[in-house]
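Chemist: First, the structure itself, so that you have it in front of you.
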Amino acid sequence: MADNYFKHYPLTSFSNTVAVNLLAKVSFRKDFDKRYYTFHPYTIKEGDRPDIIAYLYYGDPGYDWIVYYSNDIVDPYHDWYLDQETFKSYIEDKYGSVYAAQSKVKFYRTNYYDDYSVITPAYFNSLSNVQKNYWTPVMGMDNTIIDYERKKEEVVRSTNRTISLTVSNVGNSVFQVLENIYQTSGGIKTAVGTLRSIESNNSVLIVDNIQGTFANTLNVKGDDSLANATVSAVSTLSTSISSDEINYYVPVTFWDYETEKNEKKKNILLLDPMYVEDIVQQFKQLMSA
């Protein structure tokens, strides 16, 4: 349990207050990293806790702190993998709802890991110069180019495009920064974007992460605020991903981002049990110094 993690630290005084000396971790970590211990990969399963893993692996739930140290986990409450139910609660607390996290784009990322296509040299030569940047040659036995495949390179852009909308509010509701705004036609969303800032006394909306095309013939509405406004002008302020290359990118939502970050925490390393006593002795010596 997390409480066991901190009980091994020495106490220190600061402004007449006794507290756990978290800086003691530094000395132990340096020594710990210099040794050539054996570690084994482990994938956390639903319901696994550090104390349960310590009991199964080391025979003592009190050795959960070794699990933390082996993975350089500083904050047991936030750095440990969250099971599905806990993760859902975390998302709701941070973003308001699962829907909000899933509907808002955090950034754009190249989609090479999903693209296994191979193109001929002739097709490559027909691409624009911008598009050619996303392909790499496949060499034949005689050192000539036989095909092209997607370049295994991750490129991240904070947005694809930023625009400004000149608007006039309908009603009293006010748009909220960071909410999704959208336009509809025939009940179908034709354009969606993230409201980054509001300027000129609420008459100009700065929007990025654009999907679709905003038009001055349709009203714009707020997903959270339910604000409604007519649009008199639409102008592009900047373009980070051109229309030529947009197919090489995929929007990453806050849900995607948080899920990927949490999934990475599943894969940890466990110190081989034969080294436990050695680590415990080192820890005791350093913490009592």
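Chemist: Name the single residue, out of those in region 170-204 being more than 14 Å from Ser225 (Cα to Cα) and among the hydrophobic types (A, V, I, L, M, F, W, C), that is surrounded by the fewest Cβ atoms within 10 Å (Cβ to Cβ).
Modeler: Here the residue is Ile188.
Chemist: What do you reckon, is Tyr134 touching a residue at least 60 places away in the same chain (Cβ under 8 Å), buried (at least 16 other Cβ atoms within 10 Å of the Cβ) and out of contact with any Gly (no Cβ under 9 Å at 6 or more places or on another chain)?
Modeler: yes
Residues checked against (1) over 23 Å from the mean Cα position of the chain (by Cα); (2) under 29 Å from Ser173 (Cβ atoms):
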| position | (1), (2) |
| --- | --- |
| Ser225 | yes, yes |
| Ser232 | yes, yes |
| Ser238 | yes, yes |
| Tyr248 | no, no |
| Pro251 | no, yes |
| Trp255 | no, yes |
| Thr259 | no, no |
| Tyr275 | yes, no |
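Chemist: Okay, moving on. Which number in (1) touching a strand residue (DSSP E or B) at 6+ places or on another chain (Cβ under 8 Å); (2) without any contact (Cβ under 8 Å) to a residue 12 or more places away in the chain marks the one condition that Gln102 misses?
Modeler: Condition (2) is where Gln102 drops out.
Chemist: Which members of region 96-109 meet the condition of being closer than 18 Å to Asp208 by Cβ and of a type in the set (Ser, Thr, Tyr)?
Modeler: Ser103, Tyr108
Chemist: While we're here: Do we find that Ile119 is surrounded by 14 or more Cβ atoms within 10 Å (Cβ to Cβ) and in contact (Cβ under 8 Å) with a residue 40 or more places away in the chain in this structure?
Modeler: no
Chemist: Follow-up. Please go through region 152-169 and pick out each residue that is more than 20 Å from Asn219 (Cβ to Cβ) and either surrounded by 17 or more Cβ atoms within 10 Å (Cβ to Cβ) or of a type in the set (Phe, Trp, Tyr) (or both).
Modeler: Within region 152-169, Thr159, Asn160, Arg161, Thr162 qualify.
Chemist: Another one. Among the residues of region 55-100, how many are crowded, with 16+ Cβ neighbours inside 10 Å and under 22 Å from Asn180 (Cα atoms)?
Modeler: Total satisfying the criteria: 3.
Read-outs: derived from the displayed coordinates by stated rules, not from any lab. Predicted model only: the values in this text are computed from it and were never measured. With ideal geometry, Cβ positions are generated from the backbone for all residues, glycine too; neighbour counts draw on all protein chains shown.
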